[in-house]
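Please read the structure below before turning to the comments.
Read-outs throughout are calculated quantities, based only on the coordinates presented, and are distinct from any laboratory measurement. Since we're looking at a predicted model, the values are computed, not measured. Please note: Cβ atoms are built from the backbone with ideal geometry, for glycine as well, and neighbour counts cover all protein chains shown.
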Amino acid sequence: MIKLFAKTILPFALTTVLIGGAIASPRPAPVPTPQMDSQKTADASLTASGKVVNVAGSALTLEVKKDGKQQTVSFTTDKDTKVEGTLAVGAQAEVTYRLQGTNNVAVAIHVAS
């Protein structure tokens, strides 16, 4: 009788206890990965290129080609906006911007020479 217990019932009981403990143990919280923060990074790296059609105060408007059609895109600038080159109507420019609510805020403007 003891041999039957040792060979069949005891291993089954131990296996049940170990599996039950593994299932019942709490799982650790997920660790944030760089992929989880990719949206923040993507927002800061939006770009648009085209011809400057308006510059007034803290506003800039580019004429860009999107889906084969000419469109205008407006940007706001602030004290942190970096400008390379001379910003003038008719110049070709590339704007790196971020979305802030519904506004396109220029982070950097590179004007082609």
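Odds and ends about this structure:
- Between Lys51 and Lys79, the simple spin-label model (points 7 angstrom out along Cα→Cβ) gives 3.6 nm.
- Under 5 Å between amide hydrogens, built in the peptide plane, is the criterion, and for Val107 it picks out Thr96, Tyr97, Arg98 among residues at least 5 positions away or on other chains.
- Linear extension gain, Glu94 paired with Asp67, 0.36 nm per residue minus alpha-carbon span: 7.9 nm
- Phi to ³J(HN,Hα) by Karplus 6.51 cos²θ - 1.76 cosθ + 1.60 over segment 67-82, Hz, x for Gly, Pro: 6, x, 10, 7, 9, 9, 10, 9, 9, 10, 10, 9, 5, 8, 5, 9
- Ellipsoid semi-axes in whole angstrom, largest first, where each is sqrt(5λ) of the Cα gyration tensor of segment 37-111: 19, 15, 11
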